[in-house]
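Contents: one structure, followed by commentary.
All of the numbers you see were taken from the coordinates with simple rules; none came from a lab. Treat the numbers as computed from the prediction; the structure is a model and nothing was measured. Using ideal geometry, Cβ is built from the backbone for each residue, glycine included, and neighbour counts are taken over all protein chains shown.
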Amino acid sequence: MSIAQIKNLRRRLENLSMEATNELDKVCGNTLWQSYGFDAFDGLEDIELRAKANYYFGQLQTVNELKSLF
């Protein structure tokens with residue numbers, strides 16, 4: 001990979017990370033999920049919100065794994 005491609009990939013990963021973080025903040029109503037991780041979503045009574053939280057948490061985990069490779 002060229003340097004430009006790596007920089008572009010890092011920028012895209014950061015955008016995905018910010019999107020996931022913002023959505024998780026909205027779903028949970030606070031930032032406590034960052035301390036508790038996946039366990040914070042088990043307390044959500046609304047099934048749709050729980051599904052949305054799981055989706056974005058998975059996205060965030062994937063982004064973090066990819067970031068660690070670069």
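Annotations for the structure displayed:
- Residue count for segment 18-70, restricted to those that are hydroxyl-bearing (Ser, Thr, Tyr) and under 30 Å from Met1 (Cα atoms): 5
- Where a residue in segment 45-70 is without any contact (Cβ under 8 Å) to a residue 12 or more places away in the chain and its partner, wherever it lies, is buried (at least 17 other Cβ atoms within 10 Å of the Cβ) and hydrophobic (A, V, I, L, M, F, W, C), with Cβ under 6 Å and at least six apart: Arg50/Phe41; Arg50/Leu44
- Hey, Leu9 within 19 Å of Ser68 (Cβ to Cβ) and in contact (Cβ under 8 Å) with a residue 60 or more places away in the chain or not: yes
- Segment 20-41 residues that are β-branched (Val, Ile, Thr), paired with ones that are surrounded by 12 or more Cβ atoms within 10 Å (Cβ to Cβ) (beta carbon under 7 Å, 6 or more apart): Thr21/Leu60; Val27/Leu49; Val27/Lys52; Val27/Ala53; Thr31/Asp25
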